[in-house]
There are 2 protein chains.
Amino acid sequence: MPMERALVRLLRSQVLRAASSPSRLQRGVLGRGLPSQVREYAASTSSSVSHFSALDNRFGKDGLEGTHRHQEKVDPFSLVADELQVVANRLRSMVTAEVPVLALAAEYFFKMGVEGKRFRPMVLLLMSTALMTTPAHGLQDLIFDDLRLRQQRIAEITEMIHVASLLHDDVLDHADTRRGISSLNSMMGNKLAVLAGDFLLARASVALASLRNTEVVELLSKVLEHLVTGEIMQLSSEPKDMSNMDYYMQKTFYKTASLMANSCKAIAVLGGQPEEVALHAFDYGRHLGLAYQLVDDALDYTGTTKTLGKPALSDLGQGIVTAPVLFALKEFPEMSKLIQRKFKTATDRNQAVEMVKESRGIAQTHELAAEHAQKAVDAIDSLPPNPSLQVQQCRRALIDIAHQVITRSK
Amino acid sequence: MPMERALVRLLRSQVLRAASSPSRLQRGVLGRGLPSQVREYAASTSSSVSHFSALDNRFGKDGLEGTHRHQEKVDPFSLVADELQVVANRLRSMVTAEVPVLALAAEYFFKMGVEGKRFRPMVLLLMSTALMTTPAHGLQDLIFDDLRLRQQRIAEITEMIHVASLLHDDVLDHADTRRGISSLNSMMGNKLAVLAGDFLLARASVALASLRNTEVVELLSKVLEHLVTGEIMQLSSEPKDMSNMDYYMQKTFYKTASLMANSCKAIAVLGGQPEEVALHAFDYGRHLGLAYQLVDDALDYTGTTKTLGKPALSDLGQGIVTAPVLFALKEFPEMSKLIQRKFKTATDRNQAVEMVKESRGIAQTHELAAEHAQKAVDAIDSLPPNPSLQVQQCRRALIDIAHQVITRSK
């Protein structure tokens, strides 16, 4: 395995370098000694505020209800594009530059879900501004602000936890190696996938500890527990669990939405917001995460490998039951047998797809996603009024993201 | 794989139970609602203080220098035996009782190294008393003391991190599955080993966060990073690294001693000790950990499968270079080739063992271990004088442990 050997060498030499130069590590982790990107950012902010692209209202009759419906549209991404670049560069210098093998890992996963690219950091930076109480004089003020740096750190930690969980989820059993599932770790080996994930978790822990806020540490530690719980729930082969919608939604919260919910809440906690506001932030993240995953589940049945950038029907192929199947089960009780067999044969899988497509499964999944997106919008609308244009723009952007999540096709 | 399926079922049902009843979880993690063992402990303390067994001075001419040399000997373990039971029971209820599959995992590893059984918690509880500034009125006071509960929590967290690292270290590559290395994960599958490890790490993080001490969180987060770094260093196949004693000692610090060093320091930090005292605690843990590992390395060559409770020559079998080989290399330069080949063939291994045994490798490893044990003793002797009998007994016990570590034969 020459590739593995090479990766081990890289990983080792880079990690060693990081471990033996604490000052460099600390600069990376604590964000002291602002990287040149921050200085570049300062120079570019005047242009970045003016280049918001006006998005068409793509939502038509599906548009969600909210008090911000008729405000000017802005592209959520462009609102924080430059700051995201800062966060992404810092992440790279915290992780990737030190451990090139992790660059491969990150690359691999970011390619799989295009929406996933910087999605979590984007939401968290928008949330940071959406909850601002003292208006910044300009984005330059904002980005050098100590609180803002801490909130950016949450975005970085969240992304590290996310990638670590993907790496560990992807570790294969001996048994699974026979099933020919393509995964990162068939490229790099189980051992390296575990180590790379552990390394990210360790870095995330150190960065988290450096924030020196015990409530925030508690929120994100809880997420780690939820991620494991969700993964274990997904491994279940109990028929009563696999066919149960509540079980599925709980699993989805643990595996997908908890990270978003708790990191949104962490942004509020760092900002010194009252519990009620922190709860709205949590609710936004929770419902956005659930909506996102439900749409993902539907796309697994309606998308093609080309549009998705990953294999279609991959859930089914791995024996994983998702919302479309659970809705279809209500119309086709014979789905039950296929679920219990974990769609083992090609015939099973073909039958399952047919039932899903003949049922209202896909439509109902989208409806449920829309309900959660609406609840995410409601959470933003429940925030205390704030006259600042910046704050309003970012709240609007968070609402737009809820729309985009349910209307995306990839 | 019917066993794996059963384990998944157990793991899932138990983790779910834990996740769905936060109050129960919290009781476990935060130690509220003291378990019955604590109450039993209170009833038993009067006997436990009197049943210290008087150990013979086994060290003879090898005895280490120290100001406590001529005090009455006590068995270190018996000094904290009952409290260890409390810690062990709480650990079980935090982890094992919730997730039976982890019981198997823990069992497996504790059997491998007999000294490993509760070794870390024992040291940490003794350190807690050794650093006490306000003398307790009796052990009953002590065990219900809030500070003491927090220090016990460090012992629990340390043990969880330790077992998690063993689980993850043991994950096999595809390549390795062909080498037939016996490991926990060949019993339970890579996926479960990763999940069980992640679960322990997540529990440890939550418990750590609940201590609400940012410095302690930082100390133990750092350990996670060191564990990964050490593991990556061990995977190296660069000849210059594999043959280098400094590299080996650095790796050993990261993989073994950092956890002991930083958790000892955490005990001091929780106790509100000045930085200087915290550093002595760190040094004790560091040197004890290094001495322990060096002796382990020697025993791999001198012990038998029967006395060790694990296969002899297991390092060599896995291509891992340890101190006896590095010392032997100085006398037998031809060892170099074998190291680079990672002792691939039976002939390689036989030759390596012969060279180690013909060289002063084993003796020099023991000498180096004794040096580190002496430094551990020095660290205890450097603590501020304290007239309390309890404190003195525990300091003496820590010194005795340093002796035992270098004279053990299993």
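Quick note: the coordinates plus some simple rules give every number you see, no bench work behind them. Small disclaimer: the values here were computed from a predicted structure and weren't measured. Methodologically, a virtual Cβ is constructed for each residue, glycine included, from the backbone with ideal geometry; neighbour enumeration extends over all protein chains shown.
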Rank these for me by crowding, A:Met260, A:Met132, going from fewest to most other beta carbons within 10 Å. A:Met132, A:Met260
Along segment B:315-326, Karplus-curve 3J(HN,Hα) (6.51, -1.76, 1.60; θ = phi - 60°) to the nearest Hz, with x for Gly and Pro, reads 4, 4, x, 9, x, 8, 8, 10, 3, x, 5, 5
Taking each residue in B:234-247, count the Cβ atoms of any other chain within 10 Å of its Cβ, then average. What number comes out? 2
Long-range HN-HN contacts of A:Asp170 with modeled amide H, under 5 Å: none
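Per-residue Cβ counts within 10 Å, from other chains only, averaged over B:195-208: what number is that?
Details: counts 9, 2, 4, 14, 7, 1, 8, 10, 4, 3, 12, 6, 1, 5.
Mean partner-chain Cβ count within 10 Å for B:195-208: 6.
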At the level of C-alpha centres, the distance separating segment B:186-216 and segment B:262-293, in angstrom, is 22
Can you list, shortest first and in nm, the gaps between the label point of A:Asp246 and those of its counterparts in the other copies, using a point 7 Å from Cα in the C-beta direction? 6.3
Average partner chain C-beta neighbours within 10 Å, per residue of B:209-222? 5
Taking the label point 7 Å from Cα in the Cβ direction, how far apart in nm is A:Arg341 from each other copy of itself, listed shortest first? 5.2
Hey, for B:Leu279 with labels 7 Å out along Cα-Cβ, what do the inter-copy distances come to in nm, ordered shortest first? 4.9
Can you give the local net charge around A:Gly272? Use residues other than it whose beta-carbon is closer than 14 angstrom to its beta-carbon, Lys and Arg +1, Asp and Glu -1. -2
May I ask you to evaluate 6.51 cos²θ - 1.76 cosθ + 1.60, the Karplus curve with θ = phi - 60°, for each residue of segment B:224-229 and list the ³J(HN,Hα) values in order in whole Hz, giving x for glycine and proline? 4, 5, 5, 4, 5, 4
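For every other residue with a beta carbon closer than 11 angstrom to the beta carbon of A:Phe327, add +1 if it is Lys or Arg and -1 if Asp or Glu, then tell me the sum. Write out the running numbers ahead of the final one.
Values: positive: A:Lys330, A:Arg360; negative: A:Asp297, A:Glu331, A:Glu367.
So the surrounding residues net to -1.
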By average Cβ neighbour count within 10 Å, what is the ranking of B:350-360, A:390-400, B:237-247 from highest down? A:390-400, B:350-360, B:237-247
